[in-house]
1. In segment 71-84, how many residues are exposed (fewer than 14 other Cβ atoms within 10 Å of the Cβ) and either in a loop (DSSP other than H, G, I, E, B) or free of Cβ contacts under 8 Å to residues at least 60 places away in the same chain (or both)?
2. Among the listed residues 292, 313, which satisfies the condition of being modelled with pLDDT of 90 or more, in a loop (DSSP other than H, G, I, E, B) and either over 16 Å from the mean Cα position of the chain (by Cα) or closer than 14 Å to residue 271 by Cα (or both)?
3. When you scan segment 12-34, do you find a residue that is more than 27 Å from the chain's Cα centre (by Cα), part of a loop (DSSP other than H, G, I, E, B) and surrounded by 12 or more Cβ atoms within 10 Å (Cβ to Cβ), even just one?
4. If we scan segment 258-268, do we find a residue that is at positive phi and either crowded, with 23+ Cβ neighbours inside 10 Å or touching a helix residue (DSSP H, G or I) at 6+ places or on another chain (Cβ under 9 Å) (or both)?
5. Which numbered condition trips up residue 96, out of (1) in a helix (DSSP H, G or I); (2) closer than 21 Å to residue 60 by Cβ; (3) in contact with a helix residue (DSSP H, G or I) (Cβ under 9 Å, 6 or more places away or on another chain)?
6. Can you find even one residue in segment 269-276 that is surrounded by 22 or more Cβ atoms within 10 Å (Cβ to Cβ), modelled with pLDDT under 90, farther than 22 Å from residue 30 by Cα and touching a strand residue (DSSP E or B) at 6+ places or on another chain (Cβ under 8 Å)?
7. Answer with yes or no whether residue 190 is buried (at least 20 other Cβ atoms within 10 Å of the Cβ), at pLDDT 95 or above, touching a strand residue (DSSP E or B) at 6+ places or on another chain (Cβ under 9 Å) and closer than 30 Å to residue 218 by Cα.
8. Determine whether residue 304 is under 30 Å from residue 171 (Cβ atoms) and either assigned to a strand (DSSP E or B) or out of contact with any strand residue (DSSP E or B) (no Cβ under 7 Å at 6 or more places or on another chain) (or both).
């Protein structure tokens with residue numbers, strides 16, 4: 001059986017049976033240690049966060065090439081100086097630095113072939129890839145379980161509606177399918193032609209919770225009314241995108257339940273949650289046991305900077321997230337000014353979030369930046385900047401074939417190689433440049 005087919009088979013089995021498998025068999029022991037710590041006192045959390053951070057800094061200095069070259073700390077300083085003062089001796093880190101020399105951020109003792117490689121296209125259009133272990137994934141899941149567990153949610157036992165990239169389907173396929181304890185609803189199919197099938201699938205499955213991209217949940221709220229549903233959800237759990245007050249209000253109006261939003265990154269440096277009630281979202285609270293959150297202030301703006309307390313596999317220390325929001329000494333942030341996702345319009349007139357239209361993970365070996373450009377409904381041009389030399393004809397053909405295989409049912413797609421992607425007025429690169437939005 002080919003590797004991809006085997007992985008698909010294994011994944012289907014996992015989601016089908018995980019609801020009846022004891023949690024001790026599913027998760028790393030540190031998953032349960034984190035849950036225990038989060039249920040304890042703030043003093044215990046602060047002490048453990050400091051201990052974990054000191055360990056990460058020590059591993060970085062001893063085994064990570066980038067930090068061995070750029071930071072000088074003695075063993076005595078590392079063991080005895082206040083850990084926050086030690087952290088300030090490390091330079092700020094940008095995404096481009098990581099992608100220019102990825103292996104230099106990996107613990108030299110580890111073999112990448114034994115690790116999981118995770119990628120993100122990034123809402124700025126600049127991708128990143130990081131290595132991690134199942135242990136690190138389970139540790140992060142513990143924070144979600146603790147926070148969303150207050151609402152009754154668990155990933156392995158709760159019945160929930162999932163709308164994200166993992167639920168995406170091809171244009172000719174049905175919009176929804178069941179996978180174990182999840183109803184997967186494709187964000188690309190949230191349009192009038194699929195409304196009846198979507199409502200039928202929702203009412204047949206009767207999810208307790210909704211776990212979704214904000215843009216997908218808001219699109220569903222535009223498509224159907226509360227009266228179409230014959231079940232009551234207990235909570236909506238939003239992740240992977242910035243969320244607007246309008247979206248929260250529309251989602252709460254549809255489902256009539258609390259809405260919780262999370263802020264996190266593929267880089268796994270920061271994690272925060274915001275609660276919501278009566279159609280309004282509260283402030284974000286950063287998890288101090290997860291990582292250290294700082295602000296880097298420039299031109300009156302406060303950029304969010306993060307350092308994981310747990311990731312000694314590929315430590316990204318004082319990582320600049322390119323998201324903005326002023327975080328106080330208690331980890332409270334009134335609002336995160338992330339990169340609000342723009343939309344493109346497919347052939348049928350449906351709006352689709354730009355976050356969904358990304359390059360394949362393998363593409364980042366050849367591509368440094370990309371941007372989705374739309375001038376006409378149902379047509380896209382994907383502009384790419386080569387990582388090294390100009391792309392070969394074969395590389396361009398592979399990129400275009402992959403994009404058309406996944407999105408050809410919705411758009412006519414072209415590829416354009418460019419020298420650079422210009423910065424917008426706010427100093428960021430736009431993932432989606434939609435000229436339709438500027439048309440009178």
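The values are calculated or read from the model by the stated rules, or taken from the named source; none is laboratory data. Source: prediction; values computed, not measured. Note that each Cβ is placed from the backbone with ideal geometry, even for glycine, and that neighbours are counted across all protein chains shown.
1. Taking segment 71-84 and keeping what is exposed (fewer than 14 other Cβ atoms within 10 Å of the Cβ), we get 72, 74-77, 79-80, 82, 84.
Within this subset, residues satisfying the condition of being either in a loop (DSSP other than H, G, I, E, B) or free of Cβ contacts under 8 Å to residues at least 60 places away in the same chain (or both) are 72, 74-77, 79-80, 82.
Qualifying residue count for the region: 8.
2. Working: 292 fails: in a loop (DSSP other than H, G, I, E, B).
Just a single option satisfies the conditions, and that option is 313.
3. Checking segment 12-34: not a single residue is more than 27 Å from the chain's Cα centre (by Cα), part of a loop (DSSP other than H, G, I, E, B) and surrounded by 12 or more Cβ atoms within 10 Å (Cβ to Cβ).
4. Initially, segment 258-268 is screened for residues at positive phi, giving 268.
From the residues that got through so far, the ones that are either crowded, with 23+ Cβ neighbours inside 10 Å or touching a helix residue (DSSP H, G or I) at 6+ places or on another chain (Cβ under 9 Å) (or both) too are 268.
For segment 258-268, residues at positive phi and either crowded, with 23+ Cβ neighbours inside 10 Å or touching a helix residue (DSSP H, G or I) at 6+ places or on another chain (Cβ under 9 Å) (or both): present.
5. (3)
6. Looking for residues that are surrounded by 22 or more Cβ atoms within 10 Å (Cβ to Cβ), modelled with pLDDT under 90, farther than 22 Å from residue 30 by Cα and touching a strand residue (DSSP E or B) at 6+ places or on another chain (Cβ under 8 Å), one finds at least one in segment 269-276, hence yes.
7. Numbers: buried (at least 20 other Cβ atoms within 10 Å of the Cβ): yes; at pLDDT 95 or above: no; touching a strand residue (DSSP E or B) at 6+ places or on another chain (Cβ under 9 Å): yes; closer than 30 Å to residue 218 by Cα: yes.
Answer is no for this residue.
8. Working: under 30 Å from residue 171 (Cβ atoms): no; either assigned to a strand (DSSP E or B) or out of contact with any strand residue (DSSP E or B) (no Cβ under 7 Å at 6 or more places or on another chain) (or both): yes.
So residue 304 fails the test.
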